[in-house]
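Any read-out appearing in this document is the output of simple, stated calculations on the displayed coordinates, not a laboratory observation. Since we're looking at a predicted model, the values are computed, not measured. Cβ coordinates were reconstructed from backbone atoms using ideal geometry, including for glycine residues, and neighbour counts include every protein chain displayed.
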């Protein structure tokens, strides 16, 4: 019960302080300065260039030269030697003849060939670019002889509206 009598006057005083009058008035603007911030904006920067690339072109491989060379080599090898030596000479002649006939028929290129083919290559990289962005306006104004400063989203012009709050001073 003692606490209630002690708290009641304090609650009444705070209720009086909470009851304040507010109204809108006009103040004179002295100075307006735009405010900027520097931000990093990433962007893609790409370039193209032509390069020569080796490309394999499959050719048609002819086997006729190997067959004819093998037969000719076997016939020539069979003319040399006697007995088992003749068989070995025939086999060796067939192998050497087939290899030589293949080289002659295909021009020593093995059937495939390579040529340089131009190809366009694009390379890209991320480049950070610094940009200035407007963040607002610093407004210096005067109201009833006192100087104030505020950061505002737009330029208010020569006059600015202010909200004035009047609170009773409780001692």
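Can you give the FRET efficiency to the nearest 0.05 for residue 138 and residue 161, using r as the Cβ-Cβ distance and R₀ = 25 Å? Efficiency computed from Cβ-Cβ geometry: 0.90.
Packing, as the average of other Cβ atoms within 10 Å across residues, places the peptides 116-129, 65-78 in the order 65-78, 116-129, highest first.
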